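Before any comments, here is the structure.
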Amino acid sequence: MPVEHTERMRVNWVDTDASGLIHYTAALRYFEVPEHVLMRELLADRDFLLPRVHVEADYEAPLRYPDEFDCTARVTGIGRSSIHWEYEIVRHDGVRAIRGRIVAAAVGPDGQKRVLPPDLRAKLGFAGESA
């Protein structure tokens with residue numbers, strides 16, 4: 001079963017723009033919080049990086065300072081060298097505010113694609129599968 005993690009968070013003043021709403025880039029930083037919790041141990045002692053190669057977000061309802069929300073990151077697919085993520089930000093009142101999708105591709109220090117190791121694929125819930 002694919003893995004996921006949810007973090008309870010709060011909109012900080014610095015995340016807002018002149019409109020009083022979050023700046024659109026704040027969602028991307030929010031997405032990384034639960035993702036990093038999942039990946040911190042899985043990527044220890046790895047010889048590759050996972051830069052983003054595709055990013056998208058749909059803003060469905062406003063987030064304002066100091067709203068509380070839950071941000072969930074889940075792995076939805078694995079390619080030969082890529083990890084496909086979906087994110088969901090739900091306000092404390094139960095309204096979904098933002099959905100997002102990100103694809104990260106494994107590359108070595110030389111910038112060349114790397115195949116994801118079988119043990120990482122298995123830990124992410126996709127042993128033997130490809131997106």
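So the values come out like this:
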| read-out | value |
| --- | --- |
| Unmet requirement for GLU86, which otherwise passes all of (1) part of a strand (DSSP E or B); (2) in contact (Cβ under 8 Å) with a residue 24 or more places away in the chain; (3) surrounded by 12 or more Cβ atoms within 10 Å (Cβ to Cβ) | (2) |
| Test: residue in the range 41-59 that is touching a Lys or Arg at 6+ places or on another chain (Cβ under 7 Å), among the acidic types (Asp, Glu) and closer than 23 Å to THR16 by Cα | yes |
| Residue selected from the range 35-58 under the condition assigned to a loop (DSSP other than H, G, I, E, B), touching a residue at least 40 places away in the same chain (Cβ under 8 Å) and loosely packed, with under 13 Cβ neighbours inside 10 Å, by the criterion nearest to the chain's Cα centre (by Cα) | PRO51 |
| Residue within the range 102-117 that is within 15 Å of ARG29 (Cα to Cα), out of contact with any His (no Cβ under 9 Å at 6 or more places or on another chain), among the β-branched types (Val, Ile, Thr) and not in a loop (DSSP other than H, G, I, E, B) present | no |
| Unique residue being touching a helix residue (DSSP H, G or I) at 6+ places or on another chain (Cβ under 8 Å), modelled with pLDDT under 95, closer than 17 Å to LEU120 by Cβ and not acidic (Asp, Glu) when the list is LEU42, LEU38, LEU49 | LEU42 |
| Pick from the range 104-116, criterion in contact with a Lys or Arg (Cβ under 8 Å, 6 or more places away or on another chain) and touching a residue at least 40 places away in the same chain (Cβ under 8 Å), ranking: farthest from PRO51 (Cα to Cα) | GLY108 |
| Residue list for the range 59-74, restricted to those being touching a Phe, Trp or Tyr at 6+ places or on another chain (Cβ under 6 Å) and not in a loop (DSSP other than H, G, I, E, B) | CYS71, ALA73 |
| Test result for VAL75, surrounded by fewer than 18 Cβ atoms within 10 Å (Cβ to Cβ) and among the hydrophobic types (A, V, I, L, M, F, W, C) | no |
| Residue pairs meeting the criteria (Cβ under 7 Å; at least 6 apart or on separate chains; first touching a residue at least 12 places away in the same chain (Cβ under 8 Å) and crowded, with 16+ Cβ neighbours inside 10 Å, in the range 89-103; second basic (Lys, Arg) and in a strand (DSSP E or B)) | VAL90/ARG96; ALA97/ARG91; ILE102/ARG52 |
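The values are calculated or read from the model by the stated rules, or taken from the named source; none is laboratory data. Keep in mind that this is a model prediction, so the values were computed, not measured. Here Cβ is always computed from backbone atoms with ideal geometry, including for glycine, and neighbour counts include all displayed protein chains.
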